[in-house]
1. By how many nm would the segment from Asp174 to Leu32 lengthen if fully extended, with 0.36 nm per residue of separation less the alpha-carbon distance?
2. On average, how much accessible surface per residue is there in the range 258-376, in Å², for a 1.4 Å probe, leaving out ligands, DNA and RNA?
3. I need the semi-axes of the equivalent ellipsoid of the range 293-379: take the C-alpha gyration tensor, multiply each eigenvalue by 5, square-root it, list largest first in whole angstrom.
4. Treat each spin label as a single point 7 Å out from the Cα along the C-beta direction, and report the Thr196 to Ser358 distance in nm.
5. Defining a contact as two alpha carbons under 8 Å apart and six or more residues distant in sequence, what relative contact order in percent does the range 268-379 show?
6. At 0.36 nm per residue, minus the direct Cα-Cα distance, what do Gln160 and Thr116 gain on full extension? Give it in nm, one decimal, please.
7. Give me the accessible area per residue for the range 126-177, probe 1.4 Å, as a whole number in Å².
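The values are calculated or read from the model by the stated rules, or taken from the named source; none is laboratory data. Because the structure is predicted, anything quoted here is derived from the model rather than measured. Because the Cβ atoms are built from the backbone with ideal geometry, glycine has one as well, and the counts that use them run over all protein chains shown. These area figures cover heavy atoms from the full protein model, side chains too; ligands, DNA and RNA do not enter into them. Shrake-Rupley method; radii C 1.70, N 1.55, O 1.52, S 1.80 Å.
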Amino acid sequence: MRSCARRCGRGSLPLGILLLLIPPFLLALQLLVVGPHLPRATAAGVEQEVAFSVISIEPDRNSRQRESQSRRPGLEEEEEQEEEEQVEVEDGERRELARAYEDENEMHSRQMGPRTLEVQPWAADEPSFTAELDRMITYISRPQLNCSRVLSPGQTQASQPPADSPRWLLCAEDWLLPAADRPCVAYSFSMDGLDTDFLKTVSGLGCEVHSFDPSSSSASGGHLGNSLASNHGDGGVVRQHKMWLEWRAPRKRRQKTRGSLGGVSQTLADIMASLGHHTVHFLYADLLSAEWRVFQNWIELGTLQSVHHLVAQVHLHWAGFEVGGANEEVLHYWFSVLQGLQASGLMLVHSSAGEGHSVLKQTVAKGHSSYILSWANTG
């Protein structure tokens, strides 16, 4: 037994030493398992703060400025300034357009707003020039609103509808006319001078009148070139502007000041915003075959909420600017636009046929080459 004990003790550690090694081993094991989950400490014994990255999904106007600071030094400062100016211009345009769609004459009660032009079904089972033409001519030849009192061309006193058929009529029902204590605004877009009677009528009503003609070279009557300064409180005076209606919004504008858009062509909403008008009570437009695309712009932007009376000449002898397709497709598009005007609140008051019988370069017996249509907004 003694010899065995001596032999076994030679190759193993003493029991006392093993007992001393067990606590450090357990402590090291504990630190390995639990240590990563404990808060770390700095040399000063204070807990180290944990850094978080917060990503905001809210629109941040200053983000563009921060981005510009992090750009490479090679980028020009002019480009950064241009980007900041564009942000300010876009904000200003949104405010101006929003103000243009407000109506100071209780038009805010209307629920109609911007809408997509709805394409109407075909007049027949399949596309047909004859069917589309018949539907189109029938629609623009039949008034939808019967007015007991009207304003005739050149007249400022309402009367019963005349026996003959004048070029246009304004529905003079009390509920459709501007209140006597409210400002009256009238626009005319014409390059042929045939709006003289319209200007006489609205001037006689005491309206603030603005005439737009890009070909005008007249320097009288307060001609302002491309400037759109308003003449509030100057009723009856016709202000002339070398400007025209546009259906496409310019891609980029740098103008910031109200009253000067700086372009020859602008949308109706832009013109109204620049002049500070929320409502146009009377609007005359002979747009020389651009009317279909302009009408579509008004429908889709909701601009017609701010127009009470509209007198416009429509041209049928050709498709018009930026309108294409087969003849039956063009007629189909025209009819869809007219339906869009009605859906926006316009009701046909009067229709006057022009000369000629050419529709899309085809001679027709039932139709005319142009019509002057008078609407009243009942929406």
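1. 42.0 nm is the gain from fully extending Asp174 to Leu32.
2. Using a 1.4 Å probe on heavy atoms only, each residue of the range 258-376 averages 28 Å².
3. After scaling each eigenvalue by five and taking roots: 23, 16, 9 Å.
4. Those two pseudo-labels are separated by 2.7 nm.
5. 29 percent
6. Difference between extended and current length: 12.1 nm.
7. In whole numbers, the range 126-177 has 56 Å² accessible per residue.
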